[in-house]
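Novice: I'd like to ask you about the structure that follows.
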Amino acid sequence: MSEEATSAETSKASAKASDTTTAKRSPIIVCRKIVRSFWRAKERLDVLDELDLEIAEGSFEALMGPSGSGKTTLLNLIAGLDRPTSGTLTVAGTEVSAMGDAALARWRSQTIGFVFQHFNLIPVLTALENVELPLLLTSLGSSERKKRAQIALRVVGLEDRMHHRPQQLSGGQEQRVGIARAIVHDPKIIVADEPTGELDRKSADEVLHLLERLNKEFDKTILMVTHDPAAAERATVLRKLDKGKLL
Amino acid sequence: MTLSGLSIKNIGHNWLRTILTVVGTAIAILSFVLIRTTLSAWEAGVDNAAQDRLSTIHRVTFVMPLPKRYFDEFNGARGRIPGVKASTFMNWVGHKHPTRETEFFATMAVDSGTYFDVYPEMSVPPDQLANWKENRQGAIIGEALANQFGWKVGDDVTLTGTIYPGDWKYKIEGVYEATKKSVDRAQFLTHWDYLNDSLPEGRRDMIGWVASTVDDASRAADISAAIDAKFDDQDIQTRTMSEKAMTMEFLGGASAILSALDIVSLVILGIMMLILGNTIAMGVRERTHEYGVLLALGFRPKHIATFILGEGLFIGLLGGALGLLISYPIVEQGLGRWLEENMGAYFPYFSIPTSVSALALGMAVALAGLAALVPAYSASKLDVITALRRIG
Ligand SMILES: Nc1ncnc2c1ncn2[C@@H]1O[C@H](COP(=O)(O)OP(=O)(O)OP(=O)(O)O)[C@@H](O)[C@H]1O
Ligand SMILES: [Mg+2]
């Protein structure tokens, strides 16, 4: 692990990450001098300012910072939803900063699992169909797709709710369906932007526990943006972003 | 679930709006089918009108009668008109049903000896025909009329006079069937002699018009002129023309209405397309965030565009199919039956041509697809991050 990355970890989080296996593994996400600027009425706004970051494979990292500090912007770049204005970004061995739209979409559908703050389930689809969604882009047959979606729902403990629509589920259950959708295609990396932002404490804890399990049992690399200190505690690494720079 | 399944499931996003749109489309299709069927029934009226049968009427208007003796020129009493095969005469009687007076049907006092020679496309069983000829108070009615009022052979029927006042008693002796589409299947045929003898002296021996068949339809105009020439120096002159010419003359007056109807049917389709376009565009706008999620998951803009097109086509198909489903009973059973029974002279046969239903369904689907094109295109230009930021 690089020196900057190590120094960016808070003492508390590094203390928690006492198992050294995480630190030894090679980085799966590498940001080099990443700049992302937006123009607002002729004024250039550098939301991310020459940011360097390495995230080791198999780690569970939390990203905190004040509103507007650029957390979502960074997450979007790493997830391949956006491209940096300058700098290079390598994720899971692929230089995503250099990819075209179509290639990036295909890469995303294979490599990244998304967990959203507002769950973002499709309201007209059942839990099972929502989870099956990412598999529609694969060459899997329909019975295999269904089987895998059921397994993913079993992992999040909602197999008995698979024919329910989002409306018929609680917020915590919706987010667990969201997590099942994020893992059904077995991505290496899960990005979660404030996954507990809409949930009560109990549901939030269930979701965090689930993310922990995905990290430990299924070896998913997880990058989670959060405002919730209790959520950040669950992560093995805690990073803080302010004004486009990692502290 | 499949990709196309996903596309179709989206119509459940807002059931009320989907149902209203489908019903709106169906009503537009019903109107379209109704207008188109009317136009084609009208055209069929012209096409089916006989070219080999002439009507000789009072020069001024068919409402004014001709002296009965004029018929002598036709039936051989004073020679023959070359080219004329058979002739008959009749009066418009205008009786009404005593209780159901709004239900119009044609009552005609005809010359029983010659009528069916001139109208061979009306077929009556020979025994019924013989009975009718025997009974001066007998009547022969069309099968549509028999169905309408539940009349059958042997029934005594009393009708209310209008042109010829009073109660008129008849006995149904026969029912004719039409062997051609052009025939009004709801006529009530009585004996001219019976009518004439019942009239006061001053009103007797007048006939409404003469109908003649000719040997050669292509000479109809010449023969018509020859007939009219016979009465040139009489005090009442005649006007003779083929049934087809008469229908066309009538339609000539209506041609402005016909082309207006034609345009209205297209306007209806345009309105239908706007309804569909509005629904689809609203759904797409509301689901921008959802499309952002799909794009994030790796779906491509072409998938999104296809979903929207598929959804549009499906709604169009549903609306079109429902429209046809309600069109058949309404247009054929309800209105069509009514027109055939009440305006059989102009709409002897009112039913939806296959070409019209195919066109209606095709238009519903094609215009729905067209209406979905713009929203589909703009959705395919969505940027994933912008779409995700839009909280739906
Ligand atoms: N597409 C864009 N166009 C213009 N400005 C943008 C765009 N996206 C983000 N920004 C700006 O970049 C800054 C960082 O935004 P970002 O969403 O990354 O913040 P954040 O750290 O996720 O905040 P929050 O905690 O409120 O979610 C903000 O000032 C935001 O207004
Ligand atoms: Mg954010």
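Novice: If B:Phe231 satisfies all but one of (1) among the hydrophobic types (A, V, I, L, M, F, W, C); (2) open to solvent by less than 70 Å² (accessible area, probe 1.4 Å); (3) within 26 Å of the chain's Cα centre (by Cα), what's the number of the condition it fails?
Specialist: The failed condition is (3).
Novice: While we're here: Looking only at residues that are modelled with pLDDT of 90 or more and of a type in the set (Ser, Thr, Tyr) in region A:82-121, which one is nearest to ligand 2 (Cβ to nearest atom)?
Specialist: Among those that are modelled with pLDDT of 90 or more and of a type in the set (Ser, Thr, Tyr), it is A:Thr85.
Novice: Now a separate question. Among the residues of region A:217-235 satisfying the criterion of being assigned to a loop (DSSP other than H, G, I, E, B) and either within 14 Å of another protein chain (Cβ to nearest Cβ) or in contact with a helix residue (DSSP H, G or I) (Cβ under 6 Å, 6 or more places away or on another chain) (or both), which is farthest from ligand 2 (Cβ to nearest atom)? Before the answer, list the steps.
Specialist: Taking region A:217-235 as the starting set, the residues that turn out to be assigned to a loop (DSSP other than H, G, I, E, B) are A:219-220, A:226-228, A:235.
Pick out the ones that are also either within 14 Å of another protein chain (Cβ to nearest Cβ) or in contact with a helix residue (DSSP H, G or I) (Cβ under 6 Å, 6 or more places away or on another chain) (or both) and you get A:220, A:226.
Working: A:Lys220: 21, A:Thr226: 10 Å.
This residue is A:Lys220.
Novice: For A:Ser143, indicate whether it is in contact with a Ser or Thr (Cβ under 8 Å, 6 or more places away or on another chain), more than 16 Å from ligand 1 (Cβ to nearest atom) and open to solvent by 30 Å² or more (accessible area, probe 1.4 Å).
Specialist: On the way: in contact with a Ser or Thr (Cβ under 8 Å, 6 or more places away or on another chain): no; more than 16 Å from ligand 1 (Cβ to nearest atom): yes; open to solvent by 30 Å² or more (accessible area, probe 1.4 Å): yes.
Here the answer is no, as A:Ser143 does not meet what is asked.
Novice: Just a yes or no: is a residue in region B:314-335 free of Cβ contacts under 8 Å to residues at least 24 places away in the same chain and closer than 24 Å to B:Ser4 by Cα?
Specialist: The answer is no; no qualifying residue exists.
Novice: Of everything in region B:145-162, what is exposed (fewer than 14 other Cβ atoms within 10 Å of the Cβ) and closer than 17 Å to B:Ala106 by Cα? Give them in sequence order.
Specialist: Across region B:145-162, the qualifying residues are B:Gly150, B:Thr158, B:Thr162.
Novice: If you go through region A:125-180, how many residues are among the acidic types (Asp, Glu) and closer than 25 Å to B:Arg287 by Cα? Please lay out each step first, then the result.
Specialist: First, pick out the residues of region A:125-180 that are among the acidic types (Asp, Glu): A:129, A:132, A:144, A:159-160, A:174.
The next check asks that each one be closer than 25 Å to B:Arg287 by Cα; those that pass are A:129, A:132, A:174.
Matching residues across region A:125-180 total 3.
Novice: Sticking with this structure for a sec: Which one of these does B:Pro82 not meet: (1) open to solvent by 10 Å² or more (accessible area, probe 1.4 Å); (2) outside the structural domain of B:Gly312 (by TED's automatic domain parsing); (3) touching a Ser or Thr at 6+ places or on another chain (Cβ under 9 Å); (4) of a type outside the set (Lys, Arg)?
Specialist: For B:Pro82, the exception is condition (3).
Novice: I'd like to verify a number: residues in region A:30-62 that are open to solvent by 50 Å² or more (accessible area, probe 1.4 Å) and within 19 Å of A:Thr226 (Cβ to Cβ), how many?
Specialist: Number satisfying all stated conditions: 0.
Per-residue answers, yes or no, for (1) in a strand (DSSP E or B); (2) more than 16 Å from ligand 2 (Cβ to nearest atom); (3) closer than 18 Å to A:Asp242 by Cα:
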site	(1), (2), (3)
A:Trp39	yes, yes, no
A:Val47	yes, no, yes
A:Asp52	yes, yes, yes
A:Gly58	no, yes, no
A:Glu61	yes, no, yes
A:Pro66	no, no, yes
A:Ser69	no, no, yes
A:Thr72	no, no, yes
A:Gly80	no, yes, no
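Novice: Here is a further query. Out of the residues in region A:187-215 that are in contact (Cβ under 8 Å) with a residue 60 or more places away in the chain and away from ligand 1 (no atom under 16 Å from the Cβ), state the one that is nearest to the chain's Cα centre (by Cα).
Specialist: Looking only at region A:187-215, we keep the residues that are in contact (Cβ under 8 Å) with a residue 60 or more places away in the chain, and these are A:187-195, A:197-198, A:211-212, A:215.
Now restrict to residues that are away from ligand 1 (no atom under 16 Å from the Cβ): A:187-190, A:211-212, A:215.
Working: A:Pro187: 10, A:Lys188: 10, A:Ile189: 7, A:Ile190: 4, A:Leu211: 10, A:Glu212: 13, A:Asn215: 11 Å.
Per the criteria, the residue is A:Ile190.
Novice: Now for a different question. Restricting to region A:100-116, name every residue that is more than 10 Å from every other protein chain (Cβ to nearest Cβ) and buried (at least 17 other Cβ atoms within 10 Å of the Cβ). Working first, answer last.
Specialist: The first filter runs over region A:100-116 and keeps only residues more than 10 Å from every other protein chain (Cβ to nearest Cβ), leaving A:100, A:103, A:115.
The answer is A:Val115, and nothing else.
Novice: I would also like to ask the following. Looking at region A:63-74, I want the residues that are more than 9 Å from A:His227 (Cα to Cα) and have a partner that is aromatic (Phe, Trp, Tyr) and in a loop (DSSP other than H, G, I, E, B) with Cβ atoms under 6 Å, at least 6 apart or on another chain. Which pairs are those?
Specialist: Pairs found: none.
The values are calculated or read from the model by the stated rules, or taken from the named source; none is laboratory data. What you see is a predicted model, and the numbers here were worked out from it, not measured in a lab. All Cβ positions, glycine included, derive from the backbone under ideal geometry; neighbour counts span all protein chains shown. When the accessible area is computed, the model is the full protein with side chains, heavy atoms only, and any ligands, DNA or RNA have been set aside. Shrake-Rupley method; radii C 1.70, N 1.55, O 1.52, S 1.80 Å.
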